[in-house]
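Presented below is the structure to which this report refers.
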Amino acid sequence: MNYSLPADRSPGIGCVGAGFIMADCHLVAYRQHGLNPVAITSRTLDRAREVAQRHNIASVCSTIEELVEHPEVEILDVAVPPDCQLGVIRKALEARHHLRAILAQKPLGTSYSEALRIVELCEAAGVQLAVNQNMRFDPSIRGCQKLIREGRLGKPVFASIDMRAVPHWMPWQKRLGWVTLRIMSIHHLDTFRYWLGEPERVFASVSPDPRTLKEFEHEDGIALYILEFPENVRASAWDDVWAGPVREGAGTDIGIRWRMEGTEGIAVGTIGWPGYPERVPSTLRYSTIHDAGQWHEPADSQGVWFPDAFIGPMAELLIALESGDGTVPSGRDNLKTMALVDACYRSAREHRAIAPGEIILT
């Protein structure tokens, strides 16, 4: 494990939502690391009761207001569809009580402008906001960032992510008309920011996914994009959720592979997530000009994205509350990822490179 845990794991967590992400990722990770979920609410109370029993959560609440007013709840963990987040967070802030912080899912709302509204509401209320950009906490992604930070690879030159996978789409995506950019690409765009800093512009091209197009209309099925960073650093991703007719009977070649090239070394890795629910570990290998052609596999790069990495954002939020400092996946910082996602949509529609600043100033 290459991230920290809070010294004090006692603050009570109130959970909003009882779907897959909450029940099979957040709460699994929290219990594994001794965090303290104390209450839960959901649109469907029977589902909330089921999840509460499964994860030994003492209280099931009927409303957001009741959850926030629970005497032990200090942290709110919001796992609802993006078009519901603003309403849920606004209600929570109005009830407030002893609420200190909120962890929200990504995407933070339905657009950059909505995300900005959520951030501003939390800041005005004095409630710290973090965003669950959990791919940053995949062990291989975090391991690569460590190599970059320590200078092992020299100056970054080029990074790429190649995803060939068929995700399980959520029902709410149909009403929003989203497939890839705000659901999967947001992870990769945030990862590039985590590794390389802020891009100057992005050029994106999208086309519908033939399989999902039979279910609902969308524009962003297969998503390809190139990011330009300062000092001639480049990154690109191929987010292919068609991945060939693998559900229609063809052979399967599924996976997520990434690559980071620097002036003094190279790192390559895989993300094990497409194999979920099996625990398929992510991998990381690297070699430098000082290694005589040898490859290294750091021990702390082993582990799985789902559900292990889901402890990371909540742990950093709790540490931030302990120290009084900001948290890495903060709401304010995450606005830059949201702007980059919106820039991809605009780029694809207008067939030109878009600077994230164009979205921020809109």
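What size of dipole, in debye to the nearest 20, comes out for the chain about its Cα centre when the only charges are +1 on Lys and Arg C-beta atoms and -1 on Asp and Glu C-beta atoms?
The dipole magnitude comes to about 320 debye.
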Low-density loop cleavage sites - trypsin sites (Lys or Arg not before Pro) in the range 137-214, where at most 11 other Cβ are within 10 Å (DSSP): 214
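Mind checking the range 105-157 for GluC sites (Glu not before Pro) that DSSP puts in a loop (not H, G, I, E or B) and that have at most 11 other Cβ atoms within 10 Å? Write down the numbers at each step before the final one.
Working: sites: 114, 120, 123, 150; in loops: 150.
Sparse-neighbourhood loop GluC sites (Glu not before Pro): 150.
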Separation in nanometres of the label points that stand 7 Å from Cα toward Cβ, at residue 234 and residue 5: 4.4 nm
Potential lengthening between residue 158 and residue 253 on full extension [0.36 nm per residue; Cα-Cα distance subtracted]: 31.7 nm
Restricting the range 162-222 to GluC sites (Glu not before Pro) in coil, as DSSP defines it, with at most 11 other Cβ within 10 Å: 217
Length-normalised contact order for the range 104-162 - Cα pairs under 8 Å, 6+ apart - percent: 26 percent
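Working out 0.36 nm times the residue gap between residue 213 and residue 90, then minus their Cα-Cα distance, what length gain in nm do you get to one decimal?
Values: separation 123, 0.36 × 123 = 44.28 nm, distance 3.40 nm.
Value of the extension gain: 40.9 nm.
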Choice from 286, 276, 194 showing the highest fluctuation, given a GNM over the chain with Cα pairs closer than 10 Å: 276
Distance violations [Cα-Cα > 32 Å] among 91/146; 106/214; 91/174: 91/146
Cα-based helix-to-principal-axis angle, 139-149 vs the chain, degrees rounded to 10: 60 degrees
Convex hull of the range 115-168 built on C-alpha atoms - directionally averaged projected area, nm²: 6.7 nm²
Per-residue Cβ neighbour rank within 10 angstrom, fewest leading, 168, 97, 33: 168, 97, 33
Likely footprinting exposure, 317, 196, fewest C-beta neighbours within 10 Å first: 196, 317
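Ignoring everything except DSSP H segments at least 4 long, calculate the 222 nm mean residue ellipticity for the chain; use -39,500 (n - 2.57) per segment, divide by total residues, nearest 500. Mind showing how you got there, number by number?
On the way: 12 runs with 118 residues, N = 362.
After summing the helix terms and dividing by the residues of the chain, the value is -9500 deg cm²/dmol.
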Paramagnetic label zone (point 7 Å from Cα along Cα-to-C-beta, residue 56; backbone N under 12 Å) in the range 19-41: 31-37
Highest-fluctuation residue, 110, 212, 252 considered, GNM on the chain with Cα pairs under 10 Å: 252
Choice from 213, 67, 227 with maximal GNM fluctuation in the chain (Cα, 10 Å cutoff): 213
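If contacts are Cα pairs under 8 angstrom and at least 6 residues apart, what is the relative contact order of the chain in percent? Don't jump to the answer; show the numbers that get you there.
Details: 753 pairs, mean separation 72.5, N = 362.
It rounds to 20 percent for the chain.
Please label the shape of the range 261-362 as rounded, prolate or oblate, based on the square roots a ≥ b ≥ c of the eigenvalues of the alpha-carbon gyration tensor (a/c under 1.5 means rounded; beyond that, a/b larger than b/c means prolate, else oblate). Numbers along the way, then the final one.
Working: a/c = 1.78, a/b = 1.29, b/c = 1.38.
Note, shape of the range 261-362 comes out oblate.
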Between 0 and 90°, nearest 10: helix 45-54 axis offset from the chain longest Cα axis: 70 degrees
Per-bin percent of Cα-Cα distances, the range 123-256 [5 Å]: 2, 9, 17, 19, 18, 15, 11, 7, 3, 1, 0
Proxy reagent accessibility, fewest Cβ within 10 Å first, across 347, 111: 111, 347
Kirkwood Rh and Cα Rg combined as Rg over Rh, evaluated for the chain: 0.96
Linear extension gain, residue 172 paired with residue 97, 0.36 nm per residue minus alpha-carbon span: 24.0 nm
Degrees between helix 82-95 axis and first principal axis of the chain (Cα, 0 to 90, nearest 10): 40 degrees
Centre separation in Å (Cα based) which lies between the range 123-196 and the range 218-276: 12 Å
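Bear in mind these aren't lab numbers, they're just calculated from the coordinates by the rules spelled out. These figures come from a predicted structure and were not determined experimentally. Note: ideal-geometry Cβ built from the backbone for every residue, glycine included; neighbour counts use all protein chains shown.
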